[in-house]
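The structure appears right after this line, and notes come after that.
The values are calculated or read from the model by the stated rules, or taken from the named source; none is laboratory data. Keep in mind that this is a model prediction, so the values were computed, not measured. Cβ placement follows ideal geometry from the backbone for every residue including glycine, while neighbour counts extend to all protein chains displayed. Just the protein is used for accessible areas: all its heavy atoms, side chains included, with ligands, DNA and RNA removed. Shrake-Rupley method; radii C 1.70, N 1.55, O 1.52, S 1.80 Å.
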Amino acid sequence: MPPLGPGESVRHPDLRDRLYELLEHDHLPSTHGSRLIQLIVLVITLDVLAVVLASDPDIAASFGWPLRLIKITALIVFAAEYAARLWSIAGHMPRRQSAWQDRVAYAFSALGIIDLLSFVPATIALVLGDRSLEAVSIVLPFLKLVRYSPALRSLLSAVQAERRTLVGCLVILAGAVLLFASLLYAVERDVQPDKFGTIPHAMWWAIVTLGTVGYGDVVPVTPLGRIITVVAIIWGFAMIALPVAIISTAFAEEIKRRDFVVTWGMLAKVPLFSHLNASEIADIMRLLRARTIESGEVLVRRGDAASSMYFITAGEVEIELPTQCVKLADGTFFGEIALLHRTKRSGTVTATRKTRLLVLDAQDFHALIARMPALAAHVRTIAKARMADSGDLAIAELSQAEHEDEPEG
């Protein structure tokens, strides 16, 4: 860690690191970090709702103090969060530098600016009693959701990745606006000099027409002008569809890329698949399907036929075995040994909290084994090695399978 900056306390050397982990990385379900994020999102929601309701004079007259209290509380929470992030970021920036430099880098980063603006303009508006500034600043706390929403972060990443293409779309749109405005100016300027007397006036018509809005306040009256309008409307449909298609495709690719990285990292850590090459792991990934189970939901019951292999991506399950209860959390897996030996489940698996799983069905598993003889041999080797792991459901299942395979007498 870089040396402490001037005036920094050394009484609690680990507090700053724990706070940083709580704010930045402890986001798994049912953790302290997850609960903190839920609280901040709730505060953001209540703050936005309070500002919206306060804009109604009748509601403001009846519930002025409660709404004001919500806004003040929200500002205090946002300011405290910003101060906590500013303090805890020291030593955790990608580049190794001093604590002061880390904090300056965070303060001028996009997320740092959003965190600062989430409470500074609203505080000024509240002190001055300026409702217009307060209404304008309502969107700034809402932008904080970018930090807590993977979907929004993926969307911003998609826009960032396609920024050159989107700029190209804007250039084409600007050219189309100029083209159709010039055409209508040439055709309609003598007929409607008050509306199409200049190209800038005609550009208003071109923008609303290409945007397929069509306010109706400016319309051509000549036959040629109307023909140009039809062409502009059709062109407008294409102009709207083009950036939408670009962003939606990039967004889908970003989601797929993120899921691919997470799934790849998990499979690469599974001893069962550790010897496989990249193409073979990719084949397995295509066979996986996602499943979410709620807290208290039973995933597998003792005595059920083995139908799937499971990977836990987030959450926790409890396995009730004949002699013990064990828990499995993020990054662990179970069920493949029972599939290999075609035996029944020896324990009941219940989610202790909301859990996300990747599931490999028995049919796909056996097809995989048949297609990869080396994998089948590796499974048998791994099965013996996993006997030492007392926290896995596969141990009891393997023992049961071996007992059933023994000849009678």
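What distance in nm lies between label points placed 7 Å from Cα along the C-beta direction at residue 156 and residue 259?
Here the modelled spin labels are 2.3 nm apart.
Label-point separation (nm) for residue 189 and residue 128, each offset 7 Å from Cα along Cα-to-Cβ?
Roughly 4.3 nm, to one decimal.
Give the carbon-plus-sulfur fraction of the accessible surface of the range 158-202 in %, rounded to a whole number; probe 1.4 Å, heavy atoms of protein chains only.
66 percent
Efficiency by 1/(1 + (r/R0)^6): what FRET value for residue 34 and residue 363, r their Cβ-Cβ distance, R0 = 30 Å, to the nearest 0.05?
E between residue 34 and residue 363, to the nearest 0.05, is 0.25.
Considering only protein heavy atoms, what per residue accessible area in square angstrom results for the range 113-253 with a 1.4 angstrom probe?
57 Å²
Using Cα pairs under 8 angstrom and six or more residues apart, how large is the relative contact order of the range 182-257, in percent?
27 percent
For the range 130-221, compute Rg over Rh where Rg is the Cα radius of gyration and Rh is the Kirkwood radius from the inverse mean 1/r over Cα pairs.
Rg/Rh: 1.19.
Relative contact order for the range 167-312: what percent, with Cα pairs under 8 Å and sequence separation of 6 or more?
Dividing the mean separation by the residue count of the range 167-312 yields 16 percent.
Taking only C-alpha pairs under 8 Å that are 6+ residues apart, what is the relative contact order of the range 97-161 in percent?
27 percent
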